[in-house]
Number of protein chains: 2
Amino acid sequence: MFRTHTCGELRLSDSGNNVTLAGWVQRNREMGGLTFIDLRDRYGITQLVFNMEVNPDLCKEARELGREFVIQATGRVAERSNKNPTIPTGDIEIRVEKLEVLNPSQIPPFTIEDHTDGGEEQRMRYRYLDLRRNENKKNLLLRHKMAIESRNYLASKDFIEIETPYLIKSTPEGARDFVVPSRMNEGQFYALPQSPQTFKQLLMVAGYDRYYQIVRCFRDEDLRADRQPEFTQIDCEMSFVDRDDILNTFEGLAKHLFHSVLGMDVTDFPRMPYEEAMKLYGSDKPDIRFGMTITELNSLMKGKGFPVFDQAELIVGITAEGCAEYTRKQLDELTDFVRRPQVGATGLVYVKYNPDGSIKSSVDKFYTPEDLKPVLEVFQAHPGDLVLILAGDADKTRSALGGLRLEMGKRLNLIDPKVFKPLWVIDFPLLEWDEETQRFYAKHHPFTAPKQEDIPQLMFGDAKKVRANAYDLVINGVEIGGGSVRIHDKALQQLMFQKLGFTDEEAANQFGFLMNAFEYGAPPHGGIAFGFDRWVTIFGGGNSIRDFIAFPKNNAGRDVMIDSPSEISEEQKKELGIK
Amino acid sequence: MFRTHTCGELRLSDSGNNVTLAGWVQRNREMGGLTFIDLRDRYGITQLVFNMEVNPDLCKEARELGREFVIQATGRVAERSNKNPTIPTGDIEIRVEKLEVLNPSQIPPFTIEDHTDGGEEQRMRYRYLDLRRNENKKNLLLRHKMAIESRNYLASKDFIEIETPYLIKSTPEGARDFVVPSRMNEGQFYALPQSPQTFKQLLMVAGYDRYYQIVRCFRDEDLRADRQPEFTQIDCEMSFVDRDDILNTFEGLAKHLFHSVLGMDVTDFPRMPYEEAMKLYGSDKPDIRFGMTITELNSLMKGKGFPVFDQAELIVGITAEGCAEYTRKQLDELTDFVRRPQVGATGLVYVKYNPDGSIKSSVDKFYTPEDLKPVLEVFQAHPGDLVLILAGDADKTRSALGGLRLEMGKRLNLIDPKVFKPLWVIDFPLLEWDEETQRFYAKHHPFTAPKQEDIPQLMFGDAKKVRANAYDLVINGVEIGGGSVRIHDKALQQLMFQKLGFTDEEAANQFGFLMNAFEYGAPPHGGIAFGFDRWVTIFGGGNSIRDFIAFPKNNAGRDVMIDSPSEISEEQKKELGIK
């Protein structure tokens, strides 16, 4: 061992002891005849002191030490005259008697400080230096802790971790696969898993009863803001359970993590049908840390001669409390916001309920104050409030207003970053119609069971209206996990494939092994998968999953530190039979 | 929940309680007016009983249940008249009052029994049925337990689990990479990691101090007996440590696993230099559960006119106690054994020390009993013993005799499968000379440090003789892990690359990011990686890692259950820009 203690553990009670520490030079200061060095390791920072009068040679050596040099120092623990209450070792310092440079360092390209001067690109290129910064260290330690606690909880509930293969088979259904050419089977390819879905279902067929895995998954998508080509899931499946058993079990996991990782007791996990979430929040992952729910205004605002509203499928609004005095500029900003392509509205109507009781709207031409009064009433608005209204195609308008609601929540500081509000969104639609290909797609995946009471609807009625026995766990407006009760009955599975427009042959080709397995005694089962990167990010109060991944890729799917992807040799390509 | 209890938990004390169980029909027997069903789940087997007199309809229904049907049964727990002491639930049975078939089953293609009638190919194709068998279940549960206990131990020693990327960069050094074409960066490829070696070293540079990960690794090798294209490692790295700190830490891990998983206290972990292992056992992974060590005979057997021995670089032998009465046939078998290409000797010489004290050898033409006496003496042979001798090129002959030693250990039942004998093999050679390419290769990898005292030898002497600061953990003749102290000094790393015949440019190209990282304060560090599949296999007393992997691939790298690898669509290939 190069040390007797870490840089985070010495206290006043160690005074007088001879110790050896090793770590990185965080700072090097001269004060009169004294030289102080802050020595850093993963565990903390300890102050080293060198005295020019006592040992001038050693002190001169110490003065030469640059930032990020790796050193080993031996000396006696002493009480500091000038204590630092902000760090746990702040009561003591080491009076160094022996010093060794274990490795020098070039001057780092950016400062290793909480507020660094390094830009994103630079920090990603030197990720091994960026990772030295406290914030990143804190994030990775949090991730470790959450993984450990997840495993502990799941093991305590009789879940067993089973590793499923990474070299699997490409299936055209769903997102794009990464593929791996096989040298031993020329012209053939493995695919990297988008999730271990079929394997975990096979494990249920195999009788493993409760399975989990913290597992890497891969999706070759065009990367948006917060996506990575490889990401980590906590993947789980259970047998002989119905939906509520599953929700209760994983509510338990979430409670355990809140408690053991954040020291918080979060106990309320309301359950909200998808339809209600869309209606009230314009989102299938509502942030319920604040209200400002959506109200429908069709009956109150149609038929008054305003063509936009008269032609709209849906008119909906929210109230922003105390915003009646918003300026023209502020209102224009909001209009610009809703017109962004990501939000997608064409315009914004406002109704100001002025503090003096008067009413002023952007559609005064079409609506008298008498017309608007019932609108304010339905919102239970007070003088001083502002009502914001969007209209148009029902789905798009709801979702746009959901976006505006979040924006207003931020602007009005209604969203407390220290509060966690989980929510189960349930009863998702089973199928989504795709106009382009003129067929249904499974909203979750083709093995998701419809709700029992909706099976007749699926067989004989309007398939669009069928609800799935599926659920998402949402925390603070972020979907951190989703799952479903699965189909375990062959006839129902065949019906489902029919609805998805698969011929028997196509179904057999793509999912034959799972269909076969279902003929040999498949138990009722269901499960869930959590986006581990996202969950850690939410718990860490971060904005980007990239800050919670040790070696993330950039938006072009590149690792700029190792410079990957990269060319491979002609010989490699030849061996693989690819060009 | 479809059940109130599992099939493994009911006891006599539950008698009289009303319970619901769910599981698979293991067996269905009629005895007079009674029908007995063994109901199986992951947790055990419980006997259900149906009485034709009490409820004929239900009993008839029960008689229709085939093997592997999934059923749910409700009834009262009752004491059995005919107890079965071999299972934990053997004192009770359930008098069923209500029965539901949750899913029927076709007749499985092989029996789900400990001794199944299914062949390997069949069982792999229906792996989800094979996995229902006790033996496989036991193996996967053992694997789960070992993973949990490994994590617990490592976490208790301040190791943090950090996930490293799976989509990395291909490096020509070492085994063949699997590559992944990048759609977003046409013509470029990611590679799947053969190990997270460089990333864990970067994490040490980043100050994480103690890292571990249970992680999948990939190697595109021609598969031999017990290799898989994807395999799992317990991958670890530590900073500010020397070799003995590392060995002690992971000896601790092994002891913890022996204790917590097998309930055994294994405390003796001898350390043996590579050279000694080769000399005494003809192997760098000796099975030290038995002796029969190798003795050199050059001085005793050369110069007696036997040309084979006179021309041999090395003459070595072992004693097989009590085998002097081996027949011609038995000796011929041994000769055939050593002549196998995997063993590689050209012939076998024996010396029988007969029970009556006389000496008989296969080289009596060249050696008198007086010549052979000293040979027997050097082996401390007793009347009744048999000495077996090989000669030829030193390295090959040692290794061939090592093979013969293991064979004799098996034949003589000297190897106790219930005993575990770990061993650290240390001081491996740093470099291996390759005749074909006329260059050195790193025996471990290019970042392995030479032993401090051998650095002058590396700089100025015979590089072949330089020992690495590297070590393997061997249990019962199986290498279950290996690692080394790493180079953290830039100059030494450059020297190493020189010896490996890299130009500066090649080194920078392939390992530039690691070389760069070493310039910014790399701490002294080292680590180890354990082959998790092998370790579990050893602990489980198995012969093949395949039996300890949920969904293994066959010798052609194929998963016959999902039929992978497979063709992908032309469209996929076009998108990836490959042919």
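So the values come out like this:
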item	result
Failed item, numbered, when residue B:38 is tested on (1) away from chain A (no Cβ under 12 Å); (2) in contact with a Cys (Cβ under 6 Å, 6 or more places away or on another chain)	(2)
All positions within the stretch B:494-516 that are within 13 Å of chain A (Cβ to nearest Cβ) and either within 21 Å of residue B:194 (Cα to Cα) or part of a strand (DSSP E or B) (or both)	B:506, B:508, B:509, B:510, B:511, B:512, B:513, B:514, B:515
The stretch B:6-24 - residue that is in contact with an Asp or Glu (Cβ under 6 Å, 6 or more places away or on another chain) and surrounded by 18 or more Cβ atoms within 10 Å (Cβ to Cβ) and, of those, nearest to the other protein chains (Cβ to nearest Cβ)	B:24
Any helices (runs of 4 or more DSSP H) falling wholly within the stretch B:55-162 and containing at least 3 residues that are crowded, with 18+ Cβ neighbours inside 10 Å, in contact (Cβ under 8 Å) with a residue 40 or more places away in the chain and more than 9 Å from chain A (Cβ to nearest Cβ)	B:134-156
Residue identified as more than 10 Å from chain A (Cβ to nearest Cβ) and modelled with pLDDT of 95 or more among B:218, B:269	B:269
Qualifying residues in the stretch A:41-54 (those that are in a strand (DSSP E or B) and within 13 Å of chain B (Cβ to nearest Cβ)) - the one surrounded by the fewest Cβ atoms within 10 Å (Cβ to Cβ)	A:44
Condition met for residue A:313 (acidic (Asp, Glu), closer than 24 Å to residue A:403 by Cα and out of contact with any Leu (no Cβ under 9 Å at 6 or more places or on another chain))	yes
Residue tally, condition outside any loop (DSSP other than H, G, I, E, B), charged (D, E, K, R) and surrounded by 14 or more Cβ atoms within 10 Å (Cβ to Cβ), over the stretch A:552-579	3
Residue match in the stretch A:325-338 (condition: over 23 Å from residue A:291 (Cα atoms) and either polar (S, T, N, Q) or in contact with a His (Cβ under 6 Å, 6 or more places away or on another chain) (or both))	yes
Test for residue A:171: is it assigned by TED's automatic domain parsing to the domain that holds residue A:256, out of contact with any strand residue (DSSP E or B) (no Cβ under 7 Å at 6 or more places or on another chain) and part of a loop (DSSP other than H, G, I, E, B)	yes
Residue within the stretch B:199-206 that is within 7 Å of chain A (Cβ to nearest Cβ), of a type in the set (Val, Ile, Thr), part of a strand (DSSP E or B) and buried (at least 21 other Cβ atoms within 10 Å of the Cβ) present	no
Sole exception among (1) of a type outside the set (A, V, I, L, M); (2) farther than 25 Å from residue B:555 by Cα; (3) crowded, with 19+ Cβ neighbours inside 10 Å for residue A:226, by number	(3)
Subset of the stretch B:173-184 (residues that are surrounded by fewer than 17 Cβ atoms within 10 Å (Cβ to Cβ) and at the interface with chain A (Cβ under 7 Å from one of its Cβ atoms))	B:184
Leading residue by the ranking (nearest to the other protein chains (Cβ to nearest Cβ)) among those in the stretch B:536-562 that are closer than 30 Å to residue B:185 by Cβ and of a type outside the set (A, V, I, L, M)	B:557
Residues of the stretch A:233-278 that turn out to be crowded, with 21+ Cβ neighbours inside 10 Å and assigned to a loop (DSSP other than H, G, I, E, B), as a count	2
Any hit, the stretch B:441-452, residues being at pLDDT 95 or above and in a loop (DSSP other than H, G, I, E, B)	yes
Any chance residue B:260 is more than 10 Å from chain A (Cβ to nearest Cβ), among the small types (Gly, Ala, Ser), touching a residue at least 40 places away in the same chain (Cβ under 8 Å) and closer than 30 Å to residue B:565 by Cα	no
Near pairs, Cβ below 9 angstrom, 6+ apart or cross-chain, from the stretch A:214-234 (free of Cβ contacts under 8 Å to residues at least 40 places away in the same chain) to any residue that is surrounded by fewer than 19 Cβ atoms within 10 Å (Cβ to Cβ) and aliphatic (A, V, I, L, M)	A:222/B:184
Checklist (1) among the β-branched types (Val, Ile, Thr); (2) in contact with a Pro (Cβ under 8 Å, 6 or more places away or on another chain); (3) assigned to a helix (DSSP H, G or I) applied to residue B:474, failing item	(3)
Test: residue in the stretch A:538-559 that is within 19 Å of residue A:237 (Cα to Cα), modelled with pLDDT of 95 or more and in contact with a strand residue (DSSP E or B) (Cβ under 6 Å, 6 or more places away or on another chain)	no
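The values are calculated or read from the model by the stated rules, or taken from the named source; none is laboratory data. Remember, predicted model here, so these are calculated numbers, not experimental data. No Cβ is skipped: glycine too gets one built from the backbone with ideal geometry, and neighbour counts run over all protein chains shown.
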